[in-house]
Amino acid sequence: MTSSRALTRSVSRSSQVRYTLDALHRLRVATRQTTGKGHGSVRVLTGRFEADAANRLVFHPDRAAPDRAVDPQEPAPETVALEGKWSLRSDRWLTLSMRGASGARQALRLAVQLLSANASSVSFALDRTDASGNRVTEELKLAGRWQADASNRLTFWVSRANGAEDRLTFQAAWETGPNHELIYRWRAVSGPRPTEAQWVRFAGAWEAPVVGHLIYRLEGSTDSVFDFRAGVGSPSLRASDGRISWQVGVGLSRYRTVWTRVALFGAWKISKDGSLEFEVPYADGQVRGIRFEGRYAWGGRNTVTVELADSRRRPFGIALTLTRELSSTALVFLTVRKDGSETSAMAGVQLKF
């Protein structure tokens, strides 16, 4: 990689550097003399931004335009690596806050648009002006992990070389797509009016390990997991409907909560140990199961009712009704036994609902 210089590096023993950005994302480099009578200088540079392996903001200066007169006394611009704390405001302004060698605070604010995301990174589109005055759109990718915050909003933790993490909180609500994927949708503001809706898809699968929580585990990482606080969508289900749902409240502000319904469609299966699995189809033909414990009871002629429970056997408050079809492809047997004062069940199945 091209050699770099640290933030507010000393140009000489008697000068310091301060970096700012203008509206065209040109880097303004101000050199200030700390001793003597010199007043320093200011240079405005065009160039490309990227994040390195430590999530520092690296500026690669453009070569001068062919028609630009170059001062032979002017030093050639160098690649600069800037390190600080990342933050995100209104899904629009990505800011790197820094502290210089003298202790003074600096901040570079970049106007960005969310571009894409996967389990270990988030990418933003960044517009800038090159050395010839042309507008260029480039990608700025940060590495880290995804989580949900206490308000069920999507957050991305940017990893840094010293082990610290910076939180980027995305302010809009999210929803589920046609293939049960999690989709983040927002409207960017450009001028007085919002633009058309934009969206980013997160590949992953749903889990419901414990009561009160609904998990979306992102594909390709063990660190990126959205753990949402959630309530059941319906207390009564029929297996033949092939559906289960949850309600998730996303707190967009202190006074505003948007309720998202996570409705999953699939097929119920019963294991020989009595546990149930709800098989959910995803994109590319993939099928993932959500496992439940259950307490079985006869619900009437040709029906069995199951009180769904989590891995700790705590009830979800959902009653699932299984209806036996009287055909050669539907064979169900249920053996009920009493253990003390509790009634448990063992089930074996060859079943099509």
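Which of the peptides 284-297, 81-94 is most tightly packed, and how do the rest follow, going by the mean number of other Cβ atoms within 10 Å of each residue?
On the way: 284-297: 15.8, 81-94: 17.9.
Ranked by mean Cβ neighbours within 10 Å, highest first: 81-94, 284-297.
Which ordering of Tyr19, Tyr282 is given by a fewest-first count of other beta-carbon atoms within 10 Å? If you can, show how the numbers build up before the last one.
Values: Tyr19 21, Tyr282 18.
In increasing order of surrounding Cβ atoms, one gets Tyr282, Tyr19.
Scan around Arg153 for amide H atoms under 5 Å from its own, H built in the peptide plane at 1.01 Å from N, and keep only partners 5 or more places away or cross-chain.
Those lying under 5 Å, H to H, from Arg153 are Gly251.
Suppose each label sits 7 Å from its Cα in the direction of the beta carbon; what would the Thr257-Ser116 distance come out to in nanometres?
Each label point is offset 7 Å from its Cα along the Cβ direction, giving 3.6 nm.
Highest mean first, what order results for 260-270, 117-127 on Cβ atoms within 10 Å?
117-127, 260-270
What are the residues whose amide H is under 5 Å from the amide H of Gly204, where those residues sit 5 or more places off or on another chain and H is modelled from the backbone?
The answer is Leu182, Glu219.
So what J values fall out for segment 141-148 if you push phi through Karplus, 6.51 cos²θ - 1.76 cosθ + 1.60 with θ = phi - 60°, rounded to Hz, Gly and Pro as x?
Per residue, the Karplus-derived 3J(HN,Hα) values read 10, 10, 9, x, 9, 9, 8, 9 Hz.
Of Leu322, Ala263, Gly249, which is farthest along the charge dipole of segment 220-323 in the positive direction, counting Lys and Arg as +1 and Asp and Glu as -1 at C-beta?
Among Leu322, Ala263, Gly249, the one farthest towards the positive end of the dipole of segment 220-323 is Gly249.
Using Cα pairs closer than 8 Å and at least 6 residues apart in sequence, work out the relative contact order for segment 98-165, in percent. Show your work: numbers first, answer last.
Numbers: 96 pairs, mean separation 13.1, N = 68.
Value for segment 98-165: 19 percent.
Give me the net charge of Tyr282's neighbourhood, meaning all other residues with Cβ under 11 Å from the Cβ of Tyr282; Lys, Arg count +1, Asp, Glu -1.
Working: positive: Arg288; negative: Glu181, Glu219, Glu279, Asp284.
Net charge in that neighbourhood comes out at -3.
Given a Förster distance of 30 angstrom, what is the FRET efficiency for Asn179 paired with Ala53, based on the Cβ-Cβ distance and rounded to 0.05? It would help to have the intermediate numbers written out before the result.
Working: r = 33 Å, r/R0 = 1.09.
It comes out at approximately 0.35.
Taking 37 °C and 0.692 mPa s as the conditions, I'd like the Stokes-Einstein D for segment 154-270 in µm²/s, using the Kirkwood hydrodynamic radius from alpha carbon pairs. If you can, show how the numbers build up before the last one.
Values: Rh = 16.3 Å.
It diffuses with D of about 201 µm²/s by this estimate.
Just so you know, all these numbers are worked out from the coordinates, no wet-lab data involved. Everything numeric here is computed off the predicted structure, so don't read it as measured data. All Cβ positions, even for glycine, are placed from backbone atoms using ideal geometry, and neighbour counts span all protein chains on display.
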